[in-house]
Each structure stands twice: as C-alpha cells, then as structure tokens.
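**Student:** Okay, here's the structure, questions in a sec.
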Amino acid sequence: MKHTEGPWRQGDGSRVIEGKFEGEWIHLANVGGVRWRGGDSKNKRYQVEMEANCQLMLAAPTMLEALESVLDDISTVAVWSAEEPLVNSLSTCTRSMVHAAIVKAKGQEK
C-alpha cells in the first residue's frame, strides 16, 4: 500500500487534510464534521479534539520518515554494540516497536 507523499497541509477549513498528487493539491480526508447535541461546552471540547486529530494526521508523513531513519540508526547501533547486552537489548526492544509502527503505518499488518 502506498500513501500520498508528504508534506500534507490543512485545506480550506481547519479539519481538511490535503496532499499533492501529480503536482496538484487534492483532498485526502475530513476530520470530524458533526456537531454534538450537548451544548456549547461539549461542542468546544469536540472541536478542540478534532483539531488535535487533524494536526496528528498532518504530521504522519514526517513521523513515518523519522521512524524509518530511527530504524536504520538503531540497526547500526545494535550491530556496533553487540558486545554490550544492555544497549543491544534496548536496541532490540526499540527496533521492534519502531518496526511495528512502520508496518502499521504502511498497512502491512497481517
């Protein structure tokens, strides 16, 4: 599965995600879009949370790139420090977590 390359941006409206496809900005996703029937206080909290979700999605391509870089670095440290059990153990644990996040982000989970 291939995602739209970053960077992504907020489109018109604060909860629209856009990315470039063949040089043009296209609509990728809406975040939220409904109003609670619970008064202004609940609506305000909902709006704040949807904005935070939007910011997290905007950061996704950058985070994936960073995790891929970290995985490369961890692999190098694990090889270099094979004689140091604590460092190697930490590297193995961290490598597993980072690898799992990358697999999930790329839709490669089984």
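**Student:** Count the net charge of all other residues whose Cβ sits under 13 Å from the Cβ of Glu51, scoring Lys and Arg as +1 and Asp and Glu as -1.
**Tutor:** Details: positive: Arg15, Lys44, Arg45; negative: Glu49.
For residues surrounding Glu51, the net value is +2.
**Student:** Once you have the Cα-Cα distance between Ile26 and Arg9, take 0.36 nm times their residue separation minus that, and quote the gain in nm to one decimal.
**Tutor:** Working: separation 17, 0.36 × 17 = 6.12 nm, distance 1.01 nm.
Extra length available between Ile26 and Arg9 comes to 5.1 nm.
**Student:** Could you compute the FRET efficiency for Leu64 and Lys42, with r as their C-beta to C-beta distance and R0 at 35 Å, rounded to 0.05? Kindly include the intermediate steps, with their values, before the conclusion.
**Tutor:** Details: r = 33 Å, r/R0 = 0.95.
Computed FRET efficiency for Leu64 and Lys42 comes out at 0.60.
**Student:** In nm, give the distance between the simple-model label positions of Asp72 and Ile102, each being 7 Å from the Cα along the Cα-to-Cβ direction.
**Tutor:** Each label point is offset 7 Å from its Cα along the Cβ direction, giving 1.0 nm.
**Student:** Can you give the net charge of the other residues whose Cβ lies under 10 Å from the Cβ of Lys20, counting K and R as +1 and D and E as -1?
**Tutor:** On the way: positive: Arg9; negative: Glu5, Glu18, Glu22, Glu24.
Neighbour charge sum, excluding Lys20 itself: -3.
Rule-based calculations on the coordinates, nothing more; no lab input. Note that this is a predicted model, so its numbers are computed, not measured. Please note: Cβ atoms are built from the backbone with ideal geometry, for glycine as well, and neighbour counts cover all protein chains shown.
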